[in-house]
Amino acid sequence: MLSSLQNLSNSVELCFFIYLQFNHLSPSKACPYWAKPSFCYNHLENTEPGTPPYRGMHPKRHMLTSSPLTLSIHKGFPRKKIKHIAMAGALSSTLLLVGCGGSSSSESGATVELIRVDNSGAQVGGVLATTATSITGDYTLTLPEGVNLAGNLVVRITGSNDALHAQVVERDVDISPVSEFVLQKFIDQGAALDQLAVSDVVKLSGRAEEFDITLAAAANLDAVFAALESEIGDFVENEVAVSTAPAGNAASIAGNYRNAAFSFGLSDSESNGYGSFAIDVWTGDFAFADNGANNLSLTILNEESAFGDLRGTAVNQGSVYYESEVEPNINETFPGKLSANGILSVSGEFEEDIDGDFGWRYPPMAYNFSQVGDSGLFFLLTNEASVRYVTIDTNGDGIKDAIDPQQKSGDEIFRNLEMFSRQPTNFSDTDLVGQFGRVYIEAGMSTSHIELLTETNTLTFAGDGTFTYGAFTDADGTNTQDANFGQTFLLKLPTVAPDVTNNKYRMLLVAMQLSDSGELILSSSKFNSYVNMSSAIEGTVDGAFIEVIKPNLGGDISVETYTVSGTDLTANIASNGAATLTVGDTEGTMTIEGFFNNGATLGIFTLRHADSGSDPDELGIVILVKTNS
């Protein structure tokens, strides 16, 4: 068993347990840490079986498995196909126009206009300059005297039905659906366009263009933008949030931190009938160093990790794989930035990894951790993906050294729920006292089924290193074909009911749905998803959510994105912060059950969803972090 009690924050707001039990110790992937995920398959030998997990506190429990009140998958298991996009000719100083007929082509003689826009995107003043595209779709336009590069200076090309825009933040400006999409994201998030740092816009546009984006099947611009939203919407929103926020004070969060994460993963094999369902957990130590202003460096010092997956053509015909690793001396540093609105941002660059017969391409990522108030607590939910390709030998030396982009092997996706907790100084048992709320998620797998479980309960620390709880204990048996991963969050409870009225919370949601038909659906929230509380008993959910759908273990992955606006939520919050949030309609009910802390800056919850008249078929975790905006 891998077991770690994460150090409490200085305010003793939250503590964090993570344990891993893995009973079948076969080959698997190297477990990633947050800056570099991978489904690389390595082999580990002579590993001792894990011990049963600690799960002793009397919980309110919900479970999806083959027993009552649960659902088990004994057939095929889901997986998702990331449709990474490659936009032919659009991102190369050529103009791409997408017409209603679904074709993409360069257009000769199209008028290109230079204008200024306000923060809503409306034109301000007259046209500053104009030109026309050449036979190849290129254009050259001279900036008028006194006009400088800026986020509110745009070039516009107008077609028969639509117009595309691009911000003029560098000398080479390509007008494409991507440039229009990025501009609209700035507008939607309320950016002051004329105040944007030109370098930030250039960086964002360049990183967006690193995605492989194929839009050949899009029938019109609406379809194009829907595809872009699905593929790069969350990434662009994360980047825009950092670009538009004022700088924070990096010195305020310097210190030593504990890091931990729980991750779901799915992969497929490009219609070859083979796939996997995976779980990752990791925990480690970091040092945050102030580099002046809003800049800091994050150094990972050490890490313990474990990974397991169920892979095969069907759940009842799969194999369980496992790998664990202890890395005592990593000392790898990443640059980060802190915004005044409490976003700690770390950039993940485009990567290409080659390992034998296969290679992986990882698009760029923006890892935006949300700070809880002004404390040393940060939470992150990532929507990550990679594409796997067959590799080739390009120089005849017998070593495969390059990816063949024409031989795609499959898609791999990751949903990581991760946290940083600043380590206190001079901490002792007497500091750990009072009542805590606990939420817990467990995922297990065997050669015949996949199982999910969530629990909520309270416990009391006595200040002497002991704690009390209900009189129910539980332990899992072990064998050579099962694996269980669990993660527990503990939050210090208030003594009076927390006031959530008029609070806006960033919603970090990850959940798994199991179907008796064999379908698996992995759901997650995008960065700009919120719970807005209008009172202590009512609120709304607003945002966008991604569903990764896998019809069976060996099937291909598909992805759907949907948005909600003003969806009603009801709340029941007790005097100790215990809370139940409910979102329901005639088709079913989502119940979010857990706890708010003192001051109502943080909420930790389990999630379950049930269709009307049915048992729950979806379980997950929700973290609510009060925003500073």
List, please: which pairs have Cβ atoms under 8 Å, are six or more places apart or on different chains, and start with a residue in segment 549-561 that is more than 25 Å from Ser448 (Cβ to Cβ) and end with one that is in a loop (DSSP other than H, G, I, E, B)?
Ser558/Lys80; Ser558/Lys81; Val559/Lys80; Val559/Lys81; Val559/Ile82; Val559/Lys83; Thr561/Lys526
Condition test on Ile300, is it open to solvent by less than 30 Å² (accessible area, probe 1.4 Å), of a type in the set (Val, Ile, Thr), part of a strand (DSSP E or B) and closer than 24 Å to Asn383 by Cα?
yes
With the checklist (1) in contact with a helix residue (DSSP H, G or I) (Cβ under 8 Å, 6 or more places away or on another chain); (2) open to solvent by 30 Å² or more (accessible area, probe 1.4 Å); (3) not charged (D, E, K, R) in hand, flag the one item Asn148 doesn't pass.
(1)
If you scan segment 519-546, which residues turn out to be at pLDDT 95 or above and more than 17 Å from Leu624 (Cβ to Cβ)?
Leu522
Quick one: count up the residues across segment 251-289 that are outside any strand (DSSP E or B) and either open to solvent by 10 Å² or more (accessible area, probe 1.4 Å) or at pLDDT below 90 (or both).
9
With the requirement that a residue be small (Gly, Ala, Ser), buried (at least 20 other Cβ atoms within 10 Å of the Cβ) and modelled with pLDDT of 90 or more, what does segment 316-366 give you?
Gly336, Ser339, Gly342, Ser345, Gly359
If you check Leu153 against the conditions, is it within 22 Å of Val242 (Cβ to Cβ), modelled with pLDDT of 85 or more and open to solvent by less than 40 Å² (accessible area, probe 1.4 Å)?
yes
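Could you tell me whether segment 367-382 includes any residue that is open to solvent by 50 Å² or more (accessible area, probe 1.4 Å) and within 27 Å of Glu209 (Cβ to Cβ)? Talk me through it step by step, then tell me what you get.
From segment 367-382, those open to solvent by 50 Å² or more (accessible area, probe 1.4 Å) are 374; that's our starting set.
Now drop any that are not within 27 Å of Glu209 (Cβ to Cβ), which leaves none.
Among the residues of segment 367-382, not one is open to solvent by 50 Å² or more (accessible area, probe 1.4 Å) and within 27 Å of Glu209 (Cβ to Cβ), which makes the answer no.
Within segment 519-529, work out how many residues are of a type outside the set (Val, Ile, Thr) and surrounded by fewer than 21 Cβ atoms within 10 Å (Cβ to Cβ).
Step one: of segment 519-529, the residues of a type outside the set (Val, Ile, Thr) are 519-520, 522-529.
Cutting the leftovers down to surrounded by fewer than 21 Cβ atoms within 10 Å (Cβ to Cβ) gives us 519, 528.
Qualifying residue count for the region: 2.
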Could you check, for segment 381-399, whether at least one of its residues is within 30 Å of Asn597 (Cβ to Cβ), out of contact with any helix residue (DSSP H, G or I) (no Cβ under 7 Å at 6 or more places or on another chain) and in a loop (DSSP other than H, G, I, E, B)?
no
Enumerate the pairs (first residue in segment 386-401 and without any contact (Cβ under 8 Å) to a residue 40 or more places away in the chain and surrounded by 11 or more Cβ atoms within 10 Å (Cβ to Cβ); second residue anywhere and among the β-branched types (Val, Ile, Thr) and part of a strand (DSSP E or B)) with beta-carbon separation below 7 Å, excluding pairs fewer than 6 apart on the same chain, so at least 6 apart or on different chains.
Tyr389/Ile403; Thr391/Ile354; Thr391/Ile403
Restricting to segment 392-429, count the residues that are in contact with a strand residue (DSSP E or B) (Cβ under 6 Å, 6 or more places away or on another chain), farther than 29 Å from Leu344 by Cβ and of a type in the set (Val, Ile, Thr).
3
Would you confirm, using the coordinates I've provided, whether Asp516 is modelled with pLDDT under 85, farther than 30 Å from Thr430 by Cα, open to solvent by less than 60 Å² (accessible area, probe 1.4 Å) and not aromatic (Phe, Trp, Tyr)?
no
Picking from Glu323, Glu327, the residue that is touching a Cys at 6+ places or on another chain (Cβ under 7 Å) and not β-branched (Val, Ile, Thr) would be Glu323
Applying the selection to segment 594-613, what residues are open to solvent by 20 Å² or more (accessible area, probe 1.4 Å) and in contact (Cβ under 8 Å) with a residue 24 or more places away in the chain?
Asn598, Gly599, Thr601, Arg608, His609, Asp611, Ser612
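The values are calculated or read from the model by the stated rules, or taken from the named source; none is laboratory data. What you see is a predicted model, and the numbers here were worked out from it, not measured in a lab. With ideal geometry, Cβ positions are generated from the backbone for all residues, glycine too; neighbour counts draw on all protein chains shown. Keep in mind that these areas ignore ligands, DNA and RNA; they rest on the heavy atoms of the full protein, side chains included. Shrake-Rupley method; radii C 1.70, N 1.55, O 1.52, S 1.80 Å.
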